[in-house]
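Beneath this line is the structure, given in structure tokens, with notes to follow.
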């Protein structure tokens, strides 16, 4: 079982602690966050043990709308206290994001404009707490002061792994993809590779266990390490495909990752097999069985069952071809390559 720990890394602190949500106010204060504004959802605030302590300690609470990050972040800019546009010379309060990747990415987006620091308390296996990868508020893109990485992460393994089994496995494939999608990139390095492979092995080992006896801390730690890997090495083929499908076709984020990952890894193994030998070993298989092993872990649904708009698939493929990350992929996939890959998951 993974032990609790505190990890300080170049301007970021990760507090990995069971019961972290219940003790979050104390952890925030220990790290200099006294006054703060809380971003969350009604669901997170209603389901998590002692989330009401965060609400009571917050100067204000902002509910994040169920929308894509740019649209959800835009109205929050004017809701900050004091309004960031009127706060010249004043200190904008830190933002604390309690929720999944969308909530945390919204906080990062708002922080990129307002200058607020961000603390993240994740409730899924999202990599958002560990990265400076996010979109910007709609209409304020030119005002960004820079991309934002949470300076404090309170990682509570019970909160991160509380989803139902199907959703948890989909979320875990999103986390696994954060590591797997970095192994062949020009930005890959010994640290990103080490954390990616270690994280992938932890995720697989935890998912192989029965749910009732699963080591949830191991699963959460695997997600944290894979999130670190993608922040270090950058995004590649898998993520540019999934991000575009979610944005244009409207498929759900975690389930899209689970469906695409076996196809994307199979495609990449044919082009850069040496980059994925370590991943196969970490997942307890070989290169020929790697895609099947990922399917076994994620148990993905077909994209056609997830209410995506198939009529916009050609539009999504065109958008993928415009993504600069595509140039990092060995052999630079064509539209026909991308279409074959996506339709195999659809």
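Here are a few things to note about the model shown:
- Residues within segment 268-304 that are more than 22 Å from the chain's Cα centre (by Cα) and over 18 Å from residue 340 (Cα atoms), tallied: 15
- Residue match in segment 228-236 (condition: over 14 Å from the mean Cα position of the chain (by Cα), in the same structural domain as residue 325 (by TED's automatic domain parsing) and assigned to a helix (DSSP H, G or I)): yes
- Here residue 329 passes the criteria (1) touching a helix residue (DSSP H, G or I) at 6+ places or on another chain (Cβ under 6 Å); (2) surrounded by fewer than 14 Cβ atoms within 10 Å (Cβ to Cβ) except the one numbered (2).
- On the stretch given as segment 153-168, residues that are touching a helix residue (DSSP H, G or I) at 6+ places or on another chain (Cβ under 9 Å) and surrounded by fewer than 23 Cβ atoms within 10 Å (Cβ to Cβ) total 7.
- Qualifying residue in segment 189-198 (condition: buried (at least 24 other Cβ atoms within 10 Å of the Cβ), within 15 Å of the chain's Cα centre (by Cα) and modelled with pLDDT of 95 or more): yes
- Lone qualifier among 278, 284, 289, 266 - being on the phi > 0 side of the Ramachandran plot, out of contact with any strand residue (DSSP E or B) (no Cβ under 7 Å at 6 or more places or on another chain) and either in a loop (DSSP other than H, G, I, E, B) or assigned by TED's automatic domain parsing to the domain that holds residue 236 (or both): 284
- Unique match (being surrounded by fewer than 14 Cβ atoms within 10 Å (Cβ to Cβ) and in contact with a helix residue (DSSP H, G or I) (Cβ under 7 Å, 6 or more places away or on another chain)) among 335, 263: 335
- Looking across segment 295-311 at every residue that is out of contact with any helix residue (DSSP H, G or I) (no Cβ under 6 Å at 6 or more places or on another chain) and surrounded by fewer than 15 Cβ atoms within 10 Å (Cβ to Cβ), the one that is nearest to residue 256 (Cα to Cα) is identified as 302.
- If you go through segment 1-33 and keep only what is surrounded by 12 or more Cβ atoms within 10 Å (Cβ to Cβ), at negative phi and in a loop (DSSP other than H, G, I, E, B), you end up with 2, 4, 17, 18, 20, 21, 22, 23, 31, 33.
Listed here are the residues, each with its yes/no results for (1) more than 28 Å from residue 105 (Cα to Cα); (2) modelled with pLDDT under 95.
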position: 257; (1), (2): no, no
position: 261; (1), (2): no, no
position: 264; (1), (2): no, no
position: 284; (1), (2): yes, no
position: 288; (1), (2): yes, no
position: 293; (1), (2): yes, no
position: 302; (1), (2): no, no
position: 307; (1), (2): no, yes
position: 315; (1), (2): no, no
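- Taking the numbered list (1) surrounded by fewer than 24 Cβ atoms within 10 Å (Cβ to Cβ); (2) in contact with a helix residue (DSSP H, G or I) (Cβ under 6 Å, 6 or more places away or on another chain); (3) farther than 30 Å from residue 294 by Cβ in turn, residue 185 passes all entries but (3).
The values are calculated or read from the model by the stated rules, or taken from the named source; none is laboratory data. Because the structure is predicted, anything quoted here is derived from the model rather than measured. Ideal geometry is used to build each Cβ from the backbone, glycine not excepted, and the neighbour counts take in all protein chains shown.
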